[in-house]
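What follows is one structure encoded as structure tokens, with my remarks underneath.
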Amino acid sequence: MIRTLLLAASVLTLAAVPATAQPSGGRQQVAPVLATADAVDPHSFARPREARVSNVALDLSVDFAGRTVAGTATLDIVRRPTAREIVLDRKGYDVQSVTDGAGRKLAFRFGPADKDLGTAFIIGLRPDTRQVQVRYRSRPDASALQWLSPAQTAGKRQPFLFSQGQAIENRSWVPTQDSPGIRQTWSARIRVPAPLTAVMSAPSEGVAGSFIQATLPTGTRTFHFRMDHPVAPYLIAIAVGDIRFQQLGPRTGVWAEPATLPPAARELVDTEKMVDAAERLFGPYPWGRYDMIVLPPSFPYGGMENPTLTFLTPTFIAGDRSLVSLIAHELAHSWSGNLATNATWADFWLNEGTTTYAERRIVEALYGPRVARQQVALGIDSLGKAVDDASGPTGADTRLHIDLRGRRPDEGLTDIAYEKGAAFLRTVEANVGRERFDVFMRGWFTRHAFQPVTSAMFLADLRQHLVRGDTALERRLQLDRWVYKPGIPDNAVPADRQAFAAVDAAVAAFPRAGAPVAAWAGWTTDERLRFLQRLPRKQGAAQLAALDRGLRLTDTGNSELIFAWLDLAVANRYQPAVPALERFLTSQGRGKFVRPLYKALAADPSWGRPLAVRFYRQARPLYHPLVTRDLDALKL
Ligand SMILES: [Zn+2]
């Protein structure tokens with residue numbers, strides 16, 4: 001990908017930096033840092049226009065007893081000749097020393113602490129400094145790292161470690177400039193206790209599944225990884241545990257604990273076909289292999305699109321491949337999000353809205369237009385709810401380009417970014433036709449491969465390559481309204497009313513006809529979800545009992561369905577569902593499921609809150625810090 005070289009576009013690059021500033025051998029690409037005001041990241045202390053990290057080389061030992069990673073991070077830097085210092089982001093790791101490429105000590109200091117952002121880590125530069133080495137140790141409570149005891153794993157015999165960098169958590173264990181607009185190549189040498197295996201979001205130096213460099217006599221195994229494409233630093237990820245690998249296709253495979261591997265591999269059987277379908281839509285897959293790792297149940301997200309190695313919740317395993325649109329989503333991020341990445345979290349929709357649109361195109365290619373139309377309709381439902389949650393159609397947070405200054409970037413992680421973003425792209429597609437739109441999207445990814453992007457860049461690119469001065473089209477699209485104004489513009493493509501015709505009829509008939517037992521057996525998961533989500537929120541105990549009996553909701557192995565059922569049960573204080581609720585909340589920690597259930601319970605002081613207190617006491621050690629941070633606020 002030649003386009004990513006430094007000085008690809010002079011306005012976007014670090015002025016006064018010679019193109020030859022590549023200290024460690026020139027193998028890496030250096031991506032530009034954007035210069036415009038809308039690309040300045042309020043969630044990073046870095047001043048990349050003065051001095052920036054271009055490559056990170058980690059050399060770390062993983063210590064499960066102390067719950068730390070320790071070693072060195074060697075940073076290649078690109079700087080203005082006049083720069084006196086480089087500013088990194090730091091949240092908690094302890095710094096032992098900082099030296100330059102020649103091993104000479106460099107002065108450093110920390111700025112004032114911010115509870116969300118951490119502190120600036122300011123390192124003094126000599127006139128000739130091109131490399132900085134930080135010797136450090138992460139803290140046991142590093143927010144990106146979750147350390148699981150053997151009891152918290154499926155196998156129960158070995159501990160487990162995994163990281164979650166998005167949005168600004170990697171600054172708790174990787175000393176670098178933690179901003180998505182400052183892309184970096186990286187490598188790692190990782191030592192873990194035998195017999196554990198380390199995997200990371202980069203190609204291993206060797207063949208997948210057989211890349212152990214050495215098992216030392218001390219019982220340590222060493223693993224090597226190298227990412228030669230510049231990536232946003234939140235995409236550096238690690239997992240360590242008793243994990244095995246199974247090949248799925250020529251360039252796809254899955255890692256999981258031995259007990260989880262067979263069901264995971266069965267569920268993921270379509271993955272290679274998904275990569276093929278995605279390539280037909282968006283161009284060649286640019287990362288080499290597409291592997292996945294199924295993590296223990298405390299993983300806080302559905303999936304995380306770490307390059308070459310998607311991290312997955314085990315709750316997507318339904319036994320019937322009915323929840324694999326999650327894989328289509330994470331795979332689509334290989335283009336939208338990982339190839340062209342939001343420069344700041346204000347433009348998170350460029351990652352997630354584009355991916356949600358792309359996900360359904362992949363689903364359509366694999367499972368047909370009907371399934372895709374249904375998922376679009378469910379998305380439009382979620383969008384309506386997200387608008388309500390954001391204070392209605394005039395709410396400032398219903399804008400795609402959102403103002404997150406002074407707030408945690410995670411506050412932008414709503415269905416506005418995902419579903420309003422996807423609705424915007426569907427609207428453009430509907431206006432210009434699919435053929436032209438596909439050419440544009442492919443071009444967007446190619447033109448911005450391995451680069452940071454902003455909303456303004458997207459609109460400019462769209463105007464240049466798609467609108468091309470067609471003033472009638474420009475008016476019809478309402479581009480600025482979609483991106484910069486609150487609410488949903490009136491040209492949004494509505495949901496297909498026929499998508500769920502039979503299900504909606506069953507919802508309407510429910511008060512008279514009861515649970516649609518016969519139809520339910522033939523419905524897809526999306527149809528079942530639509531039914532449960534569309535039922536009136538107020539139901540009597542007898543109706544709920546009939547639903548559960550007829551549709552066997554408590555016994556379903558499908559996490560999305562059990563969630564929809566428990567959500568309805570909690571809203572109606574349905575006591576017979578409490579054991580299932582307890583099982584669900586104490587056996588997995590996916591934020592999408594546990595956050596709303598605890599919130600609903602906590603809001604009901606006499607019935608729900610005591611239950612929430614009991615479950616949370618039991619389950620809190622299972623949950624990820626990103627989830628407990630929110631749930632602790634409920635004061636359970
Ligand atoms: Zn996503």
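Comparison of R537, R528 shows that the only residue that is in contact (Cβ under 8 Å) with a residue 12 or more places away in the chain, touching a Phe, Trp or Tyr at 6+ places or on another chain (Cβ under 7 Å) and of a type in the set (D, E, K, R) is R528. When I317, I362 are checked against the criterion of being buried (at least 21 other Cβ atoms within 10 Å of the Cβ), more than 16 Å from the ligand (Cβ to nearest atom), more than 19 Å from I416 (Cβ to Cβ) and at pLDDT 95 or above, I317 stands alone in meeting it. Going by the structure shown, is W287 in contact with a Pro (Cβ under 8 Å, 6 or more places away or on another chain) and among the hydrophobic types (A, V, I, L, M, F, W, C)? It is true that W287 is in contact with a Pro (Cβ under 8 Å, 6 or more places away or on another chain) and among the hydrophobic types (A, V, I, L, M, F, W, C). When you check Y598 against the structure, is it under 13 Å from L634 (Cβ atoms) and at pLDDT 95 or above, yes or no? Taking the combined requirement at face value, the residue satisfies it.
Of all residues in the stretch 287-306, which are within 13 Å of the ligand (Cβ to nearest atom) and under 23 Å from F225 (Cα atoms)? Answer for the stretch 287-306, where residues must be within 13 Å of the ligand (Cβ to nearest atom) and under 23 Å from F225 (Cα atoms): G303, M304, E305, N306. Given the residues A239, A264, which is the only one that is crowded, with 22+ Cβ neighbours inside 10 Å, assigned to a helix (DSSP H, G or I) and in contact (Cβ under 8 Å) with a residue 40 or more places away in the chain? Only one candidate qualifies: A264.
Being closer than 23 Å to T315 by Cα and polar (S, T, N, Q) is the filter here; which residues of the stretch 519-567 pass it? Result: T524, T525, Q533, T554, T556, N558, S559.
Which condition number does S322 fail, the rest of (1) closer than 30 Å to P621 by Cα; (2) modelled with pLDDT of 95 or more; (3) more than 11 Å from the ligand (Cβ to nearest atom) being met? (2) is the only condition that S322 fails.
Evaluated against (1) under 28 Å from E279 (Cα atoms); (2) within 16 Å of the ligand (Cβ to nearest atom), A449 falls short on exactly one condition, (2). Restricting attention to the stretch 88-104, and to residues there that are within 26 Å of the chain's Cα centre (by Cα) and modelled with pLDDT of 95 or more, which single residue is surrounded by the most Cβ atoms within 10 Å (Cβ to Cβ)? My answer is L88.
Take the residues in the stretch 470-491 that are in contact with a Lys or Arg (Cβ under 8 Å, 6 or more places away or on another chain) and part of a loop (DSSP other than H, G, I, E, B); name whichever of them is nearest to D397 (Cα to Cα). My answer is P486.
Residue by residue, here is whether (1) within 16 Å of the ligand (Cβ to nearest atom); (2) in contact with a His (Cβ under 9 Å, 6 or more places away or on another chain); (3) touching a residue at least 12 places away in the same chain (Cβ under 8 Å) holds:
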| site | (1), (2), (3) |
| --- | --- |
| A340 | yes, yes, yes |
| T344 | no, yes, yes |
| T355 | yes, yes, yes |
| Q375 | yes, no, yes |
| S382 | yes, no, yes |
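With the condition kept exactly as written, say whether any residue in the stretch 552-566 is in a helix (DSSP H, G or I), free of Cβ contacts under 8 Å to residues at least 60 places away in the same chain and more than 28 Å from the chain's Cα centre (by Cα). No, every residue in the stretch 552-566 fails to be in a helix (DSSP H, G or I), free of Cβ contacts under 8 Å to residues at least 60 places away in the same chain and more than 28 Å from the chain's Cα centre (by Cα). Take the conditions (1) in contact with a strand residue (DSSP E or B) (Cβ under 6 Å, 6 or more places away or on another chain); (2) within 16 Å of the ligand (Cβ to nearest atom); (3) part of a loop (DSSP other than H, G, I, E, B); L350 misses just one of them, which is (3).
Screening R497, R436 for residues that are modelled with pLDDT under 95 and either out of contact with any Asp or Glu (no Cβ under 7 Å at 6 or more places or on another chain) or in a helix (DSSP H, G or I) (or both) leaves exactly one candidate, R497. For the condition under 30 Å from P48 (Cβ atoms), in contact (Cβ under 8 Å) with a residue 12 or more places away in the chain and either buried (at least 24 other Cβ atoms within 10 Å of the Cβ) or of a type in the set (V, I, T) (or both), L350 qualifies. Residue count for the stretch 506-537 satisfying the condition of being touching a Pro at 6+ places or on another chain (Cβ under 9 Å) and surrounded by fewer than 15 Cβ atoms within 10 Å (Cβ to Cβ): 3. In this structure, A328 qualifies as buried (at least 24 other Cβ atoms within 10 Å of the Cβ) and within 11 Å of the ligand (Cβ to nearest atom).
The values are calculated or read from the model by the stated rules, or taken from the named source; none is laboratory data. Predicted model, so just to flag it, every value in this text is computed and none were measured. Every residue, glycine among them, receives a Cβ derived from its backbone with ideal geometry; neighbour counts consider all protein chains shown.
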